[in-house]
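Single-structure report; data block below.
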Amino acid sequence: MRLAYLLKKFPRLSETFVLNEILGQEELGLDVHVFARRAPDDEPRHPQLERLRAEVEVMPSPRRIDPWTALFAAQEESPDLLTRVERLILMNREWAHPSFPNLVAEALWLLVRTRELGIEHVHVHFATDSAVTAMILRELGGPTYSITAHAKDIYRNTVSPVLLDRLISGSELTVTVCDANVRHLAGLVSPAALGRVRRLYNGIDLAAFAGDRAVRTPRRVLGVGRLVAKKGFDVMIDALGLLKARGVAFTAAIAGDGEERESLAERIRAAGLADSIELTGPLDSDQVRAEMNRASVFCLPCTIGDDGNRDALPTVLLEAMAGGLPIVSTPVTGIPEILDEGRAGLLVPERDVEATAHALAELLDGPEHRATFARRGRERARALFDREKQATILAGWFREVASTATASGRTDVASEVGA
């Protein structure tokens, strides 16, 4: 099967789940090509990228795609292409997508390119503009598509239920990463769209996190993630400030980069914690794993943003569990599913500094509690988040899509939609 991933940017330091997934598909024998709609950021690269066999093709900017040239190039193999474009323009009256002309240009370019490469199916992460491009590509007569829906793409208050419903309904299947997301989508999209949704947890390389935990630094707290509001690192800092005021010994590190780095650094200075909390900056996966092996407690007090944005299934929590690191987090979206409703890690109320401080102290001062949560976490990671198992399920779904399209002769369904 010739499979393409269509992504906004690739690689991205914060999206290890995408890299893990593609590597898993390659290991199962799928032939993968990656289309990146934009060039990657200047940031550290994960060492696992060296194992990637797929070609990563950065698409031309929409400003560099002449839509007329692209249209006539694609029309050579699709005589009814102008009719299809006209139908899309009429459909966009309901969506009113501000970037629609650019996305049509991208889809026209992809229509030619996917045919050149023999792409049979396109998979997209996030039900945002990349998914819209994939849907337009399909409407123009291109390959089938599927989506993985995560969090910002379905929870933000700017999400259009009409467009989201159309994206999911037009997909062969839409994967989402936790049961909480399925429940949310049930209240957002039509029953027909919901029928295309399947839950599949992200997977991680469990063996990579079975390192030497004898090197743990006693009483060391670690947080890892993008330095953005929904991660709750301000709560973590304030909770550690309470512990210091109460004479609880600790050292801490927060690994990552983002828009809140300066404000978090100032918060640390203002609380007199500069000698206790380190902001490491962005780290690659090997460096993150080393930090997890050093730490004795992991903290990620996720919150729901004012715009509805939140985490769904934070990869770092899966990694911490696999590494036997006891966790303090919050009951946001899929996190209770990760932590088995508090049996494989401590759950504290969102934005509750006092409760977060209490949970951290309980783990820092309780070796028995740490050992219990570490054991339960490792067991749960093996049961639910094994990359090999999850990749096998997803590959089966991709092959199911390809075989169904072949058996039904559905190489082109654009005429079915909007008829």
Which one of Arg382, Arg387 is in contact (Cβ under 8 Å) with a residue 24 or more places away in the chain, in contact with a strand residue (DSSP E or B) (Cβ under 6 Å, 6 or more places away or on another chain) and under 30 Å from Glu172 (Cα atoms)?
Arg387
Mind checking which residues of segment 101-150 are small (Gly, Ala, Ser), surrounded by fewer than 24 Cβ atoms within 10 Å (Cβ to Cβ) and touching a strand residue (DSSP E or B) at 6+ places or on another chain (Cβ under 9 Å)?
Gly118, Ser146
Within segment 81-94, which residues are touching a residue at least 40 places away in the same chain (Cβ under 8 Å), surrounded by 13 or more Cβ atoms within 10 Å (Cβ to Cβ) and over 20 Å from Leu117 (Cβ atoms)?
Arg84, Val85, Arg87, Leu88, Met91
Consider segment 260-307. How many of its residues are touching a Phe, Trp or Tyr at 6+ places or on another chain (Cβ under 9 Å), more than 24 Å from Glu354 (Cα to Cα) and in a loop (DSSP other than H, G, I, E, B)?
1
Right, Leu30: in the same structural domain as Ala402 (by TED's automatic domain parsing), touching a Phe, Trp or Tyr at 6+ places or on another chain (Cβ under 8 Å) and closer than 26 Å to Arg2 by Cβ or not?
yes
Go through (1) crowded, with 21+ Cβ neighbours inside 10 Å; (2) within 28 Å of Thr176 (Cα to Cα); (3) touching a Phe, Trp or Tyr at 6+ places or on another chain (Cβ under 9 Å) and name the single condition Ala74 misses.
(2)
What is the one condition in (1) surrounded by fewer than 24 Cβ atoms within 10 Å (Cβ to Cβ); (2) not in a helix (DSSP H, G or I) that Ser169 does not satisfy?
(2)
Does Leu394 satisfy the condition of being in contact with a helix residue (DSSP H, G or I) (Cβ under 8 Å, 6 or more places away or on another chain), outside the structural domain of Ala210 (by TED's automatic domain parsing) and in contact (Cβ under 8 Å) with a residue 24 or more places away in the chain?
yes
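The values are calculated or read from the model by the stated rules, or taken from the named source; none is laboratory data. Note that the structure is predicted; figures quoted are calculated from it, not measured. Positions of Cβ are backbone-derived with ideal geometry, glycine not excepted, and every protein chain shown enters the neighbour counts.
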